[in-house]
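Inspection log for the structure reproduced underneath, given as structure tokens.
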Amino acid sequence: MAVPVPVRGALTYAVPDGLEGSSEPGARAVVPVGRRLVTGIIVSDGEGATIEPKRLRDTTDLPDDAPLLPPDILSLASWAARYYVAPVGAMFAATIPPGVSRRSEVMVLRQPGAAVNGGPGGLLDRIPEEGVSLRDLGVSRSALRSLERSGAIRLEPVLRGARVKPKYETILRAAAASPGSVEPPARATRQKEILALVRSAGSGGIRSSEIEDRLGPSWAAIKALIGRKLLVAARIEVERRPSIACPSGSAAPPEPTPHQRAAIDPLAAVLDRRDYAAFLLKGVTGSGKTEVYLRAIERCLETGRNALYLVPEIALTALLARNLRARLGDGLAILHSSLGPGERFDEWRRARQGKARIVLGARSAVLAPVENLGLVVVDEEQDASFKQEEDPRYNARDLALVRAKEASACVVLGSATPSVESYQAALSGRLSLLTLPHRIFDRPLARVTMIDMRERFERTGREELISAPLQEAVRDRLARGEQAIILLNRRGYAPVSICRSCGATDQCRRCSVSLTYHRSEDRMLCHYCGYRRGKPERCGTCGSEKVVLTGAGTERLEERIRASFPEARLARLDRDTARGRLAASDILARFERGETNLLVGTQMVAKGHDFPGVTIVGVLSADALLSVPEFRSSERTFQLLTQVAGRSGRGAAEGEVMVQAYHVDHYAMTAAAKQDYEAFFEKEIRFRRVMKYPPFVALANIIVHAASPEAGVRRVHKVFEVVKERAGPSMAVLGPSVAPLARLKGRYRYQILVKSASRRKLSDALNEAVEALSEGGLASPRDLVIDVDPVSLS
Ligand code: ADP
Ligand code: ZN
Ligand code: ZN
């Protein structure tokens, strides 16, 4: 059983005789854990379990008649749990939509006949005859202990209903004429109105809610009409669908260019063959990759199989869903975390029941129950958001490959700036390379100018946030009726508050990071744990009042731009402005329609959008990422710059990009200036080889957490010993050391890195190590984080 509780492994339970329901792998089971009941997923029949049968606890309930999870998802999740050394419960919890599983609640019940004497604080008097849930009673369990011991009360776990259930509605249809039916009398006007409405709706019937919307409360009259045998009622399930505004008058699909053809043909060929094949579609920004995906999806549907389409950003799914629906019709399900739980549940089941033939979604959709899978598309495959940075830590891009292989399906990874891993795989033949070397209509890539901020400083003697040349270019373009984007990859107003007397910075109380000042809330905020407090009046270290807010985030940038460009129609896009459910896509849609003409924001402005009006893109602090001690920092910098540069000049007018930086001669910067992927890759792959980083080794990052440095040091040394022993001489086990982010949410963090030539051996060794550590109580997912194929090492 995979149970969503903080343990690493699967748990074993007995199925008592006479318990009905499916106990096959993939079905849900309700089981006791401690004093609670939780819903888990059966992962195997328990053969080989080491616990004696008579010590096993019984399964409480088997809610499914048939397995909820299809076999391919079951085996994918099992594989992933092992490969990523992930807690099994967390891995399986990720395969079903949230809110489906039932949770237990503790009921507090009075024991009949027990003496009533109030108990501590009159507690007993607050417990009604029929009992009350512990939560509603609002006291802790320990407060009830003495009452429980005295036999006055009893605590009993009960299941609460699932938070998310199918939604039903009543449909009314006109009954066929029969001798028993009686027309309503003339004075029953409401009944007559309803009857006319239902009859006009035809054989499909009409929802009772719609009748009420139009006519007001009608239920009594409806009941009367049913009694007269004039209406028949049926309960049907209604699907909750995310609303997608369809563009009016869908345009005919464009004719593929010869380059697009050359990419589509091999995809069509393997789709027809129904074999596994993996492709890397490397196409410069604006080369028309989306059209290649759409053609492949159409072909896949024609061959009778279904498709999965993964994109990195939720904001992108909304824009893309519109086009997909216009183009491919209604058989589309959308899955991402900002859908409401009801919608998400229904979309999931539409896929599970085969009603949706295309599933579009973010990371978690790689585990969607698409049956008869023929194609998986992963757009912007290099994007860090495919990596889940909490348990279960998996990379959806890599799971897409595994899943496609199992399904004998075709998989396409697409990017203008492939990850170093994927491009290396293409060069070595593990992925077939398809290229789109030019923009559509041979539009030129935007011209990139580097602005050396060291030189600007020497010339002007002051720090500029937006340099004069960039200001001028933006002003120029806006005056011509064109649009501009300015990227500053840091949110908030000022990232650092520093004391001018002693140099101390205002740090989070629980994490080893500086607090960021957010002007909209007038608060200092921790971007890691959400801790917030007021702006410091004086230095927390020396008491001086000379505390200044330095540096700039998007909030300050917005303020500066409002001052410099009062005429601009400005919009800001970052996590703070995009809080609302659809706010990010709203902000983008308004920019797309030209209602705004200057968009500033974090990396959210860099991704995937196709706005033909944009002709100038500015990037501020472009080298900020380079100073982060991560082996991927050059790659990230190059990708971000190339992506954002790709937003410029996609329409008829030529595009321009201005990049402000200090380290203008770093290879990530010079290659980005030329938008030359190969030049970047050549340098980067050499660095990875020399430093023994992926793709030349498989890497795992182990983080040990503890409440105090003493406990942490002790624990990390034990973990280190066990890992080192299991890893053997063929792997490098580095550390232990203090993690780059030394403290997070009040817990101290220590790090061990493991490098191995073989992925399989790495996972085997780590699984063995975890098993050994479990015996010593050192493998709780709270204290031990294992990150296989990490994207970030902090
Ligand atoms: P990419 O994802 O490679 O950056 P897009 O897929 O966004 O590029 O395509 C860029 C633009 O080119 C879009 O506006 C798209 O509608 C258009 N386009 C794509 N293919 C064609 C084609 N064959 N003919 C005309 N326009 C096309
Ligand atoms: Zn100070
Ligand atoms: Zn914090």
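The values are calculated or read from the model by the stated rules, or taken from the named source; none is laboratory data. These numbers come from a predicted model, not from an experiment. Don't worry about glycine lacking a Cβ; one is built from the backbone with ideal geometry, like all the others, and counts go over all protein chains shown. Heavy atoms of the whole protein, side chains included, go into the accessibility calculation; ligands, DNA and RNA do not. Shrake-Rupley method; radii C 1.70, N 1.55, O 1.52, S 1.80 Å.
With the convex hull drawn over the C-alpha atoms of the stretch 277-414, the volume per residue is 105 Å³. Per the Debye calculation on the stretch 123-207 with a single equal scatterer at every Cα and no solvent contribution, log₁₀ I(q)/I(0) for q = 0.12, 0.17, 0.19 Å⁻¹ amounts to -0.60, -0.81, -0.95.
Assigning unit charges at the beta carbon (Lys, Arg +1; Asp, Glu -1) and nothing else, what dipole magnitude in debye, to the nearest 20, does the stretch 129-221 show about its Cα centre? Present the calculation step by step, with values, prior to reporting the outcome.
Numbers: 16 positive and 11 negative charges, 56 e Å.
The calculated dipole for the stretch 129-221 is roughly 280 debye.
Using the 1.4 Å probe convention, the accessible area of the stretch 271-321 works out to 29 Å² per residue with neighbouring protein chains retained.
Which of the GluC sites (Glu not before Pro) across the stretch 333-397 are loop residues per DSSP, with 10 or fewer other Cβ within 10 Å? Please report the intermediate quantities before stating the final value.
Numbers: sites: GLU343, GLU347, GLU371, GLU380, GLU381, GLU389, GLU390; in loops: GLU371, GLU380, GLU381, GLU389, GLU390.
Taking the stretch 333-397 and a limit of 10 other Cβ atoms within 10 Å, the loop GluC sites (Glu not before Pro) found are GLU390.
Positive-end ranking of ALA188, SER218, SER208 along the dipole of the stretch 179-223, with charges on Cβ about the Cα centre, is headed by ALA188.
Ignoring lysines fewer than eight residues from LYS355 along the same chain, the ones with Cα atoms less than 28 angstrom from its Cα are LYS165, LYS167, LYS289, LYS405. Placing +1 on each Lys and Arg Cβ and -1 on each Asp and Glu Cβ, with no other charges, gives the chain a dipole about its Cα centre of roughly 1320 debye. Positive end of the dipole of the stretch 663-727 (Cβ unit charges, origin at the Cα centre): among VAL697, THR670, ALA707, the Cα lying farthest that way belongs to ALA707. The GluC sites (Glu not before Pro) of the stretch 17-115 meeting both criteria, a DSSP state outside H, G, I, E and B (loop) and at most 16 other C-beta atoms within 10 angstrom of the site's C-beta, are GLU20, GLU47. In this structure the amide hydrogen of ALA742, modeled in the peptide plane, comes within under 5 Å of the amide hydrogens of SER512, none closer than 5 places in sequence on its chain. Straight-line cross-link reach from LYS387 at under 13 Å between alpha-carbon atoms covers these aspartates and glutamates, not counting any fewer than eight positions away in the same chain: GLU313, ASP398, ASP787, ASP789. Rolling a 1.4 Å probe over the protein heavy atoms of the chain, with every protein chain left in place, gives an accessible area that is 50 percent carbon and sulfur. Its relative contact order, with pairs defined as Cα atoms under 8 Å and 6+ residues apart, puts the chain at 10 percent. The residue list PHE386, LEU427, MET107 was ranked by how far each Cα lies along the charge dipole of the chain toward its positive end, using unit charges on Cβ atoms, and MET107 comes out on top.
Per-residue ellipticity at 222 nm from helix content only, as computed over the chain with -39500 (n - 2.57) for each DSSP H run of at least four residues, stands at -9500 deg cm²/dmol.
A DSSP coil position with no more than 13 other Cβ atoms inside 10 Å describes the following GluC sites (Glu not before Pro) in the stretch 594-653: GLU595. Kirkwood radius and radius of gyration were both taken over the C-alpha atoms of the stretch 403-450, and their ratio Rg/Rh is 1.11. With only Cα atoms counted, the stretch 328-382 has Rg and Dmax values of 10.9, 31 Å. With all protein chains kept in place, the per residue accessible area of the stretch 571-661 amounts to 32 square angstrom at a probe of 1.4 angstrom. Which lysines does LYS674 reach when only Cα atoms under 20 Å apart count, and residues fewer than 8 places away in its own chain are ignored? Once the sequence-local lysines are set aside, what remains near LYS674 is LYS282, LYS607, LYS683. Ranked by the mean number of other Cβ atoms within 10 Å per residue, highest first, peptides 317-328, 58-69, 433-444 order as 317-328, 58-69, 433-444. For the stretch 403-528, the equivalent ellipsoid derived from the Cα gyration tensor has semi-axes of 40, 28, 16 Å, listed largest first.
Taking 4 °C and 1.567 mPa s as conditions, the stretch 165-288 diffuses translationally at an estimated 66 µm²/s according to Stokes-Einstein applied to its Kirkwood radius (Cα pairs).
Largest first, the three principal axis extents of the alpha carbons in the chain are 91, 71, 62 Å in whole numbers.
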